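The block underneath contains the structure these notes are about, expressed in structure tokens.
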Amino acid sequence: MKVKKFTILLLLATFISVFSYGQNTLKGRVIDESNAPVVGATVVYSNSGKDLVVASDNNGNFSFENIDSKAGTIKVSFIG
């Protein structure tokens, strides 16, 4: 029984490692010249021809979850 529990835990740990490998989170905050948050700014993360787009929240924060790479380009735009 002890061996079975250990095997299940080992498989579970391996599974978690495989799924978490290569998944990165990119977080940031969009502010203006006076350090005030910019609400609703469009933030685009580009990498290898793929674009991910999010909008900044009420505090100017944005987040990209599960991006493939640590390299890419970020573009921010805002009309107002």
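The values are calculated or read from the model by the stated rules, or taken from the named source; none is laboratory data. Since the model is a prediction, treat every value here as computed from it, not as a measurement. Heads up, the Cβs are rebuilt from the backbone with ideal geometry, glycines too, and the neighbour counts pull from every protein chain shown. These area figures cover heavy atoms from the full protein model, side chains too; ligands, DNA and RNA do not enter into them. Shrake-Rupley method; radii C 1.70, N 1.55, O 1.52, S 1.80 Å.
Couple of notes before you dig in:
- Restricted to region 41-54, and to residues there that are aliphatic (A, V, I, L, M) and free of Cβ contacts under 8 Å to residues at least 24 places away in the same chain, the residue that is nearest to Asn24 (Cα to Cα) is Leu52.
- Residue match in region 15-37 (condition: charged (D, E, K, R) and modelled with pLDDT under 85): no
- Pairing each residue of region 55-80 that is of a type in the set (D, E, K, R) with any residue that is open to solvent by less than 60 Å² (accessible area, probe 1.4 Å), provided the two are 6+ apart or on different chains, yields C-beta distances under 8 Å for Asp68/Gly22; Asp68/Asn24; Asp68/Asn47; Lys70/Asn24; Lys75/Val43; Lys75/Val44; Lys75/Ser46.
- Test for Ile79: is it among the hydrophobic types (A, V, I, L, M, F, W, C), surrounded by fewer than 15 Cβ atoms within 10 Å (Cβ to Cβ) and either closer than 15 Å to Arg29 by Cα or touching a Leu at 6+ places or on another chain (Cβ under 6 Å) (or both): no
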